[in-house]
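The values are calculated or read from the model by the stated rules, or taken from the named source; none is laboratory data. Just so you know, these numbers come straight off a predicted model, no measurement behind them. All Cβ positions, even for glycine, are placed from backbone atoms using ideal geometry, and neighbour counts span all protein chains on display. Note: accessible area is taken over every heavy atom of the protein model, side chains too, but ligands, DNA and RNA are not part of it. Shrake-Rupley method; radii C 1.70, N 1.55, O 1.52, S 1.80 Å.
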Amino acid sequence: MTSEGLETEKKYDVDPDTALPALHAIPGVERVGEPSDADLEAVYFDTDDFILASRRITLRRRTGGADAGWHLKLPAKYDTESGTESGAEQAPRQRREIHAPLGQAAVVPGELLAHLHVYLRGAEPAPAARLQTRRTTHALYGQGGVHLADFADDRVEAETLGSAGRKQEWREWELELVHGDPDLFAAAAAALAETGARPAAHASKLARARGEEAPAGTAGNGGQQPGGKAAAKQLPASGVVIAYLGEQVRELLATDPAVRLEEPDAVHQMRSAARRMRSALAVYRKLFRAAPVRRLRDELQWLGGILGSPRDSEVMRERLRTHVAELPPEQASAVNGRLERELGRRFDAGYRRVQEVLMADRYFRLLDDLEDFRDNPPVRPAASAPAGTVAGKRVKKTVKRLRRSHKAAKREKTSPGHETALHQVRKDAKRLRHAAESAEPLYGKRAAKLAKAARRQQKILGDHHDSVVARTLLDKMVRGPELPEQAVAGYGSLLETEARIIARTEAKYRKARRKARKLLKRGVG
C-alpha cells in the first residue's frame, strides 16, 4: 500500500558550528517542542546518467525515523522552479511525496515505478548514493497547539556509489510545513538569517552528494504561455505553437502514471492530449519541416488508436447501462449480462494492449521525439512571422475545412454515407476547437468562444457517432442464436432508443451550426 502527501519545505546551508536559530521568536510560533533525535540511512536511486535528478525527481529507500520506507518525490503540478543559484533567494519547494513500505532493499516497488516509467523509458534505476543523517527535529506549534511545521537540523555523511565514488559531510536545515501556512517561511526568514543560514544551493541531498548545483531541469519553455495578447501577437508564430504543444506534452507525461495505475478518466485525458498535439501539428504544419511533423502525427495517431479501444468500450458500456436501466425488468435482465460480457471483454483486451504499449520502445521513442520537437523545433522561415497573423490565417483555414465537410454531409443522402460524412464533420470540429484553443493567448475571448462553439458541435456529433456504433453492436447482438423472446424485445427497444438519439442529435447539430454561423464566419482575426 502507498500513501501520498504534499511536501512544502525550504532548505538552508549552514556551517558546522552554527548556533540554532531562536525558533520561539518566529512570529506565529507560540511553543517549540522538545528536540527529537533520529539516525537515518537512505539509499538514493537513479540511472547512470541521472535521468530522475535531471527532472527534479527523488527516489530513495530510507530506514530509521518515523517514516521509514520508500519515498518518491515528484515536482508538484505547478512547481516550475528548477533550483536556485548560490546566494539567491529560494522559494519554498512543493513536491508530491509518495510513500511505500520498505519491502526489499534493491527492488523498487511497482507502485512507485508506475510513476517513473514515463521518464526512465526503459532504463533501470540503481543505487546512486548512500546518506547517513543525524537529524534533530524541533516541532513548532502555533495558537491552540496547532502543529505548524518541523525544523530539522541535519548533519549528513554522503557517499556516492559506483566507479566515481566520493564522500562528503555537511550540515543543513530544513523547515517543512505540517499544518502551517506558507507565510511561516517569510516569518522565519529574520530568525534564520541572523544565524548566517543561507538558502540552499542544491535542490536535494543527492545533488549535493554528487557535487553539483541544482539540476537545470528539462530544456524548453515547458508550455509557458506568453503574457498579454498584444505582446503575444508580435511573437514568432512558432513560439505560440510550441507553447501549446508544451502544455500537451506536460499533460501526457502527467497522465501516463494514472493510465498505468488504471485511474478513472486517465485514458481519456491522455488520448485528448495526443489528439490536441496532432491537431496543432496539422493546423500549423507549414511552420515546420515536413518529415518531423509527419512522423509525429503518424505516431500520435497510432497512440490515440491504442488508447481509443478501452476508452470507446468504456463509454459504450456506460451508455448502454443507462439505456438498459430504462427497459422493463424482464428485458433488462435478458440483455444485460451478454452486453456486459461483450463490452467488458473488449475493455479488458484494450487495456491490456495499452499497458503493453506503454512499456514499448516505440512509445518511449515518441516521448523522446515530442520533447525534442518542443525543445528544438524544426522551424521553417514562415515560423518567424508574427503569431497573430499566422494563427488568424490558420484558424480561418480550419473553419473553411469544417464548412466543406458540413456541405459534404448535407449532400450525402444515403444512411451509411451520411453518417460517415457527419463523423468527418465531428473530426473537423475537433480540429477547429484545438486550433482556436491554441490561439486563445492571442485572441482571448474571441478564440475561446469559437473553441466553445466547435466543442459543442463536436460533442453533439460525438453522441450521434456513439449511437451509430451502438446500433452496429446491437444489430450483432440481436442476431445471436436462439435468443429468448425478452432478449429480442430488449435489443429491439435499445435499437429504437439509438434511432431516436440519432435523429435528435442531427437536429441539435443543425441548430448548433446555425447558432455558430456568425462566429465561424468571423473567425478570430
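Points to keep in mind about this one:
- The stretch 172-183 - phi-based ³J(HN,Hα) in whole Hz, Karplus 6.51/-1.76/1.60, Gly and Pro as x: 8, 10, 10, 10, 10, 5, 10, 10, x, 8, x, 4
- Size of electric dipole in the stretch 436-483: Cβ of Lys, Arg +1 and of Asp, Glu -1, about Cα centre, debye, nearest 20: 340
- Peptides 477-486, 128-137 ordered by packing proxy, namely the average of other Cβ atoms within 10 Å per residue, highest first: 128-137, 477-486.
- Converting phi to 3J(HN,Hα) with the Karplus coefficients 6.51, -1.76 and 1.60 and the offset θ = phi - 60°, the stretch 505-514 yields 5, 4, 5, 5, 5, 4, 5, 5, 5, 5 Hz in sequence order, with x at every glycine or proline.
- Backbone phi angles across the stretch 353-361, fed through the Karplus curve with coefficients 6.51, -1.76 and 1.60 (θ = phi - 60°), yield HN-Hα couplings of 5, 4, 4, 5, 5, 5, 10, 8, 4 Hz in residue order; Gly and Pro are listed as x.
- For the stretch 218-367, alpha-carbon Rg and Dmax in angstrom: 19.7, 66
- In the context of the full set of protein chains, the chain has a per residue accessible area of 49 Å² (1.4 Å probe).
- Farthest toward positive dipole pole in the stretch 281-413 [+1 Lys/Arg, -1 Asp/Glu at C-beta], among Thr322, Pro381, Leu307: Pro381
- Across the chain, the mean sequence separation of Cα contacts (distance under 8 Å, 6 or more residues apart), normalised by length, yields a relative contact order of 14 percent.
- Ratio of Rg to Rh for the stretch 312-393: 1.34 [Cα atoms; Kirkwood radius as inverse mean 1/r over pairs].
- Among 416-422, 441-447, sorting by the average number of other beta carbon atoms lying within 10 angstrom of each residue, highest first, gives 441-447, 416-422.
- All-pairs Cα distance distribution in the stretch 349-488, expressed in whole percent, bin size 10 Å: 10, 22, 26, 27, 10, 4, 1
- For the stretch 283-425, the Kirkwood hydrodynamic radius comes to 19.3 Å, computed from all pairs of different C-alpha atoms.
- Take 394-400, 200-206 and order them by the average number of nearby Cβ atoms within 10 Å per residue, most first; the result is 200-206, 394-400.
- Cα-based convex hull, the stretch 1-156, per residue volume (Å³, whole number): 147
- Taking all C-alpha pairs of the chain, those more than 39 Å from each other amount to 42 percent.
- Share of carbon and sulfur in the accessible heavy-atom surface of the chain [1.4 Å probe, %]: 49
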